[in-house]
1. Let me know the charge dipole size of the stretch 110-218 about its Cα centre in debye, to the nearest 20, where only the beta-carbon of Lys, Arg (+1) and Asp, Glu (-1) is charged.
2. Could you tell me which residue out of Phe182, Leu172, Ser141 lies farthest along the dipole of the stretch 93-210 toward its positive end? Charges go on the beta carbon: Lys and Arg +1, Asp and Glu -1, centred on the Cα centre.
3. Using modelled amide H (1.01 Å from N, peptide plane; none on Pro or chain starts), what sits under 5 Å from the amide H of Leu30, excluding residues fewer than 5 places away?
4. Amide H of Arg126 versus every other amide H placed in the peptide plane: which residues, excluding those fewer than 5 positions away on the same chain, fall under 5 Å?
5. To the nearest 10 Å², what's Leu74's accessible area with a 1.4 Å probe?
6. State to the nearest 20 debye the size of the charge dipole of the chain about its Cα centre, where the only charges are +1 on K and R beta carbons and -1 on D and E beta carbons.
7. Among Val130, Gln51, Leu83, whose Cα lies farthest out toward the positive end of the dipole of the chain, if unit charges sit on the beta carbon of Lys, Arg (+1) and Asp, Glu (-1)?
8. Could you list log10 I(q)/I(0) for the chain at q = 0.17 Å⁻¹, which the Debye formula gives when each Cα is one point scatterer?
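The values are calculated or read from the model by the stated rules, or taken from the named source; none is laboratory data. Note that the structure is a prediction, hence the values are computed from the model and not measured. Cβ placement follows ideal geometry from the backbone for every residue including glycine, while neighbour counts extend to all protein chains displayed. We work out accessible area using only protein heavy atoms, side chains counted, and drop any ligands, DNA or RNA first. Shrake-Rupley method; radii C 1.70, N 1.55, O 1.52, S 1.80 Å.
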Amino acid sequence: RPPRPLPHAPSRPLRRPLPITASPTITASLLAYTFNQDATCLAIGTDRGYQIFTCEPWASAHSCSEGGVGVVELLHSSSLVALVGAGTRPGESTRRLVMLNTRTNTSICELNFSSSVLRVRMNASRLLVVLETRTHIFELSSMKLLHTLETAPNRLGLADMCVAVGRCHAVLPAAAPGQILFFDALQLHALSTLHARKSALAALAISPCGSRVAFAPG
(Lines give C-alpha, C1' and ligand atoms only; values in the text may rest on other atoms or scores of the structure.)
Protein backbone atom coordinates (compact mmCIF):
# COMPACT_ATOMS: atom_id res chain seq x y z
CA ARG A 1 0.00 0.00 0.00
CA PRO A 2 1.18 3.60 -0.57
CA PRO A 3 2.73 5.35 2.45
CA ARG A 4 0.21 7.15 4.67
CA PRO A 5 0.41 10.98 4.79
CA LEU A 6 1.80 12.63 7.89
CA PRO A 7 -0.68 14.53 10.07
CA HIS A 8 -1.63 17.97 8.70
CA ALA A 9 0.31 17.74 5.95
CA PRO A 10 15.90 18.82 -0.53
CA SER A 11 18.76 16.28 2.23
CA ARG A 12 21.61 18.60 2.91
CA PRO A 13 24.42 17.42 5.22
CA LEU A 14 26.04 20.24 7.18
CA ARG A 15 29.77 20.91 7.01
CA ARG A 16 29.86 21.66 10.74
CA PRO A 17 27.30 20.47 13.30
CA LEU A 18 25.14 23.24 14.76
CA PRO A 19 23.95 23.02 18.39
CA ILE A 20 20.18 23.05 18.86
CA THR A 21 18.20 22.78 22.06
CA ALA A 22 15.87 19.80 22.11
CA SER A 23 14.61 20.59 25.61
CA PRO A 24 15.63 22.92 28.47
CA THR A 25 18.19 20.32 29.61
CA ILE A 26 19.18 18.49 26.38
CA THR A 27 21.23 19.94 23.53
CA ALA A 28 21.59 18.14 20.20
CA SER A 29 23.88 18.92 17.26
CA LEU A 30 22.17 19.57 13.92
CA LEU A 31 23.80 17.40 11.25
CA ALA A 32 21.40 17.60 8.28
CA TYR A 33 18.17 19.19 7.14
CA THR A 34 15.82 18.89 4.17
CA PHE A 35 12.44 20.09 2.96
CA ASN A 36 10.11 17.69 1.19
CA GLN A 37 9.38 18.17 -2.51
CA ASP A 38 6.73 20.90 -2.08
CA ALA A 39 8.27 22.50 1.03
CA THR A 40 5.32 21.62 3.27
CA CYS A 41 7.48 19.56 5.65
CA LEU A 42 10.96 19.96 7.12
CA ALA A 43 13.11 17.14 8.47
CA ILE A 44 16.25 17.53 10.56
CA GLY A 45 18.89 14.99 11.55
CA THR A 46 20.87 15.38 14.75
CA ASP A 47 23.39 13.40 16.77
CA ARG A 48 20.44 12.13 18.82
CA GLY A 49 17.93 11.23 16.10
CA TYR A 50 15.65 12.98 13.64
CA GLN A 51 12.46 15.03 13.66
CA ILE A 52 9.85 15.95 11.03
CA PHE A 53 7.84 19.17 11.16
CA THR A 54 4.89 20.45 9.16
CA CYS A 55 5.45 24.03 8.01
CA GLU A 56 1.88 25.39 7.99
CA PRO A 57 0.86 25.15 10.70
CA TRP A 58 4.28 24.71 12.27
CA ALA A 59 4.13 21.54 14.34
CA SER A 60 6.12 18.43 15.11
CA ALA A 61 4.74 15.52 13.05
CA HIS A 62 7.17 12.77 14.03
CA SER A 63 10.36 12.34 16.04
CA CYS A 64 12.76 9.58 16.94
CA SER A 65 15.76 9.66 19.27
CA GLU A 66 17.28 6.23 18.78
CA GLY A 67 20.64 7.27 17.29
CA GLY A 68 22.38 9.95 15.25
CA VAL A 69 21.17 10.72 11.71
CA GLY A 70 23.55 12.34 9.21
CA VAL A 71 21.31 12.22 6.09
CA VAL A 72 17.51 12.42 5.94
CA GLU A 73 15.14 12.61 2.97
CA LEU A 74 11.33 12.81 2.73
CA LEU A 75 8.91 11.75 0.01
CA HIS A 76 6.25 14.44 -0.27
CA SER A 77 4.06 14.26 2.88
CA SER A 78 4.06 10.49 3.12
CA SER A 79 5.28 8.29 5.94
CA LEU A 80 8.30 7.15 3.89
CA VAL A 81 11.64 8.54 5.04
CA ALA A 82 15.23 7.67 4.08
CA LEU A 83 17.84 7.76 6.85
CA VAL A 84 21.61 7.36 7.05
CA GLY A 85 23.43 7.08 10.36
CA ALA A 86 25.74 9.80 11.63
CA GLY A 87 28.58 7.41 12.42
CA THR A 88 29.11 8.87 15.88
CA ARG A 89 28.17 5.70 17.79
CA PRO A 90 28.48 1.95 17.18
CA GLY A 91 25.72 0.79 14.86
CA GLU A 92 25.26 4.21 13.22
CA SER A 93 27.00 3.35 9.96
CA THR A 94 27.34 6.15 7.41
CA ARG A 95 27.36 3.41 4.72
CA ARG A 96 23.89 2.04 5.53
CA LEU A 97 20.67 3.50 4.10
CA VAL A 98 17.44 2.68 5.92
CA MET A 99 14.02 3.17 4.32
CA LEU A 100 11.57 3.65 7.16
CA ASN A 101 7.80 3.84 7.55
CA THR A 102 7.27 6.51 10.22
CA ARG A 103 3.62 5.55 10.77
CA THR A 104 4.56 2.08 11.99
CA ASN A 105 8.18 2.92 12.88
CA THR A 106 9.33 -0.15 10.97
CA SER A 107 12.17 -0.60 8.51
CA ILE A 108 11.09 -1.30 4.92
CA CYS A 109 14.57 -2.19 3.71
CA GLU A 110 18.24 -1.55 4.40
CA LEU A 111 21.01 -1.08 1.83
CA ASN A 112 24.74 -1.14 2.53
CA PHE A 113 27.31 0.62 0.35
CA SER A 114 31.08 0.53 -0.08
CA SER A 115 31.54 4.10 1.19
CA SER A 116 29.61 6.76 3.09
CA VAL A 117 26.24 7.87 1.75
CA LEU A 118 26.48 11.65 1.37
CA ARG A 119 23.00 12.45 0.10
CA VAL A 120 19.71 10.82 -0.85
CA ARG A 121 17.11 12.24 -3.26
CA MET A 122 13.67 10.80 -3.97
CA ASN A 123 10.65 11.33 -6.15
CA ALA A 124 7.64 9.11 -6.86
CA SER A 125 9.64 6.87 -9.25
CA ARG A 126 13.33 6.98 -8.39
CA LEU A 127 15.80 7.07 -5.52
CA LEU A 128 19.28 8.57 -5.90
CA VAL A 129 22.00 7.48 -3.47
CA VAL A 130 25.06 9.72 -3.71
CA LEU A 131 28.53 8.48 -2.73
CA GLU A 132 31.77 10.42 -3.18
CA THR A 133 32.68 9.02 -6.60
CA ARG A 134 29.46 7.39 -7.83
CA THR A 135 25.70 7.80 -7.74
CA HIS A 136 23.31 4.85 -7.67
CA ILE A 137 19.80 5.02 -9.18
CA PHE A 138 17.12 2.74 -7.71
CA GLU A 139 13.52 2.06 -8.65
CA LEU A 140 11.67 3.34 -5.60
CA SER A 141 8.79 0.86 -5.68
CA SER A 142 11.02 -2.23 -5.64
CA MET A 143 14.37 -0.77 -4.45
CA LYS A 144 15.99 -2.50 -7.42
CA LEU A 145 19.32 -1.05 -8.53
CA LEU A 146 18.87 0.25 -12.09
CA HIS A 147 22.03 2.17 -12.90
CA THR A 148 25.30 3.47 -11.46
CA LEU A 149 27.04 6.64 -12.61
CA GLU A 150 30.71 7.38 -12.02
CA THR A 151 31.34 11.00 -11.04
CA ALA A 152 34.18 13.37 -10.30
CA PRO A 153 35.05 13.53 -6.57
CA ASN A 154 31.85 14.77 -4.96
CA ARG A 155 32.68 15.29 -1.29
CA LEU A 156 29.62 17.50 -0.75
CA GLY A 157 27.28 14.88 -2.15
CA LEU A 158 25.82 17.22 -4.76
CA ALA A 159 22.84 15.90 -6.75
CA ASP A 160 19.23 16.84 -7.30
CA MET A 161 16.16 15.45 -9.07
CA CYS A 162 12.96 17.10 -10.27
CA VAL A 163 9.53 16.04 -9.06
CA ALA A 164 7.38 16.73 -12.14
CA VAL A 165 4.95 13.92 -13.00
CA GLY A 166 6.20 11.95 -16.01
CA ARG A 167 9.62 13.55 -15.89
CA CYS A 168 12.56 12.33 -13.84
CA HIS A 169 15.47 14.58 -14.70
CA ALA A 170 18.47 14.64 -12.40
CA VAL A 171 21.63 16.72 -12.17
CA LEU A 172 24.91 15.59 -10.65
CA PRO A 173 28.63 16.08 -11.19
CA ALA A 174 29.90 14.49 -14.41
CA ALA A 175 33.07 12.40 -14.65
CA ALA A 176 35.20 15.49 -15.28
CA PRO A 177 35.56 18.16 -12.53
CA GLY A 178 33.43 21.25 -13.05
CA GLN A 179 31.00 19.55 -15.45
CA ILE A 180 27.33 18.82 -14.73
CA LEU A 181 25.56 15.75 -16.05
CA PHE A 182 21.91 16.29 -16.99
CA PHE A 183 20.44 12.77 -16.76
CA ASP A 184 17.07 11.16 -17.42
CA ALA A 185 16.69 8.90 -14.38
CA LEU A 186 13.47 7.39 -15.75
CA GLN A 187 14.83 6.25 -19.14
CA LEU A 188 18.39 5.93 -17.79
CA HIS A 189 20.32 7.93 -20.35
CA ALA A 190 22.29 11.18 -20.42
CA LEU A 191 20.51 14.21 -21.81
CA SER A 192 23.48 16.58 -21.94
CA THR A 193 26.67 17.66 -20.19
CA LEU A 194 26.95 21.24 -18.98
CA HIS A 195 30.41 22.82 -18.76
CA ALA A 196 30.11 24.86 -15.59
CA ARG A 197 33.58 25.55 -14.17
CA LYS A 198 37.04 24.01 -14.25
CA SER A 199 36.98 23.68 -10.46
CA ALA A 200 34.69 21.55 -8.31
CA LEU A 201 31.13 22.67 -7.67
CA ALA A 202 29.90 24.02 -4.33
CA ALA A 203 26.14 23.79 -4.92
CA LEU A 204 23.79 22.24 -7.47
CA ALA A 205 20.00 22.19 -7.85
CA ILE A 206 17.28 21.59 -10.45
CA SER A 207 13.87 23.24 -10.65
CA PRO A 208 10.77 21.19 -9.71
CA CYS A 209 9.73 20.86 -13.37
CA GLY A 210 13.26 19.93 -14.44
CA SER A 211 13.75 22.77 -16.94
CA ARG A 212 16.30 24.89 -15.05
CA VAL A 213 19.58 24.15 -13.30
CA ALA A 214 21.35 26.33 -10.73
CA PHE A 215 24.92 25.84 -9.57
CA ALA A 216 27.71 27.63 -7.72
CA PRO A 217 31.46 27.17 -8.22
CA GLY A 218 33.67 26.02 -5.37
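1. The dipole of the stretch 110-218 has a size of about 240 debye.
2. Leu172
3. Leu18, Ile20
4. Under 5 Å from the amide H of Arg126 lie the amide H atoms of Leu140, each far enough along the sequence or on another chain.
5. 0
6. 240
7. After comparing all options, I get Val130.
8. -1.22
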